[in-house]
Amino acid sequence: MFISRLAAGGVAELNGLLRVGDEILSVNTVDVAGRRLDDVVISMSVSRRLLLTVRPAPPISSETNSSSSLSTPPATITSSNLSAVETMSSRTQ
């Protein structure tokens with residue numbers, strides 16, 4: 001699952017913890033690999049506290065190679081505001 005856009009003026013855009021292109025690895029410690037987008041969105045909305053593990057998007061650069069995103073360690077983001085991630089999309093590689 002990758003973040004495809006953030007709501008303008010939303011929590012995620014304002015605090016800068018999440019960016020378009022970040023890969024969501026887990027939601028509330030549950031791996032999202034192979035799960036449907038609808039199921040992931042539901043799991044994000046049922047809890048008052050949201051714990052995301054994400055792999056940050058690689059920096060945009062003409063010199064960035066495709067393997068650089070694999071070397072970026074995942075980060076865990078905690079939010080009590082469920083609007084932190086407004087929209088996601090799944091993308092295959």
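Readers should treat all values here as calculations from the given coordinates under stated rules, not as data from a laboratory. Fair warning: this is a prediction, and the values are worked out from it, not measured in the lab. All Cβ positions, glycine included, derive from the backbone under ideal geometry; neighbour counts span all protein chains shown.
What to note about this one:
- Panel order for V30, V40, by other beta carbons found within 10 Å of each beta carbon, from fewest to most: V30, V40.
- With a simple spin-label model that places each label point 7 Å from the Cα along the Cα-to-Cβ direction, the separation between I42 and R5 comes to 2.5 nm.
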